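Okay, structure first, notes after.
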Amino acid sequence: MIELINVSKRFVDNVVLDGVSLQVQEGETVALLGPSGVGKSVTLKTINGLLRPDTGDVIVDGLHVQRLKRKELAELRSKIGYVFQYGALFDSMTVAENIRLGITDETCYDDAQYCVNRVQECLRLVNLALDVTDKYPAELSGGMKKRVGIARAIAGKPKYLLYDEPTSGLDPVNADVIDGLIERLRDELGVTSVVVSHDVRGSFRVADRVALLWQAKIRAVGPPDQILASKDPAVQQFLERDLEMTLIQAESQEGREARGRNV
Ligand SMILES: Nc1ncnc2c1ncn2[C@@H]1O[C@H](COP(=O)(O)OP(=O)(O)O)[C@@H](O)[C@H]1O
Ligand SMILES: [Mg+2]
């Protein structure tokens, strides 16, 4: 289980989180939504100890993250796969080398044959053909890079997966593919996940529960249907604005496709 209890975090006079509490049960997928700059990435970083809250507690797998010593934190992190917002692949490494970095168990990491097999398994799990193994990130499309980032995050067989904007920058078709993947990984690996996003449509598809971060607080949390039916003006405002964004993106995508056909 992942538990944030009354977590606050500020940067100088910028109060980013102000008493945020959130529980993610074993096997559950929770989408953390909110406008850009609200503190979604900061929240994720407190979960794996990349950032330390000023006050409050973060408990993952029964452990108080802030109280862990370096070695204990490294051990906990080996159970947490992190899908970074911009993929964070190493340009000078092949796909296989990037994925291998996600193998957290040292004995496994040193076993070359294990690594070859595990890289292939992970590529299969994210629906990538094995012929990408020796390619470099620059040779891949945006959607493929995101999938390699996910493959790296699952390579260490994590119990928890934290996704930071897994579909941002993708067209709707590729975003759907990634959302499908998030669902599949939940079902096949039984992982507990937090999916940070500002894409309402995708999040509502993959999440068991949705939490809206709004002005430094969790403004609403519940199953997608309940959030959609919320009468809270802040929730409605967020959902409506996002819906508009989705329509604009879909229109510009159609425009691109139409132009593509004319060439
Ligand atoms: N390391 C940092 N130092 C100072 N300010 C930061 C740092 N990380 C994030 N912030 C600020 O915290 C706020 C929330 O950022 P972030 O969590 O990245 O937003 P988002 O919801 O878009 O992921 C922003 O105002 C950002 O500028
Ligand atoms: Mg972010």
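Values computed for the structure shown
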quantity: Residue-normalised accessible area of the chain, given per residue in Å² at a 1.4 Å probe; calculated: 51 Å²
quantity: Residues whose placed amide H lies under 5 Å from that of Leu161, excluding near-sequence neighbours; calculated: Gly81, Thr192, Ser193, Val194
quantity: In the chain, lysine pairs with alpha-carbon atoms under 13 angstrom apart (chain gap of 8 or more, or interchain); calculated: 7
quantity: For the chain, share of DSSP beta bridges that run antiparallel, in % to the nearest 5; calculated: 55 percent
quantity: ³J(HN,Hα) computed for each position of segment 101-116 - Karplus, 6.51 cos²θ - 1.76 cosθ + 1.60, integer Hz, glycine/proline x; calculated: 4, x, 7, 8, 6, 4, 4, 5, 4, 7, 9, 4, 5, 4, 5, 4
quantity: For the chain, calculated [θ]222 nm from helices alone, where every DSSP H run of n ≥ 4 adds -39500 (n - 2.57); calculated: -13000 deg cm²/dmol
quantity: Distance in nm between pseudo-label sites at Cys108 and Asp232 (7 Å out along the Cβ direction from Cα); calculated: 3.8 nm
quantity: With every protein chain in place, the chain: carbon and sulfur % of accessible area (1.4 Å); calculated: 51 percent
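The values are calculated or read from the model by the stated rules, or taken from the named source; none is laboratory data. Because the structure is a prediction, the values reported are computed rather than measured. Positions of Cβ are backbone-derived with ideal geometry, glycine not excepted, and every protein chain shown enters the neighbour counts. SASA here: full protein model, heavy atoms, side chains in, ligands and nucleic acids out. Shrake-Rupley method; radii C 1.70, N 1.55, O 1.52, S 1.80 Å.
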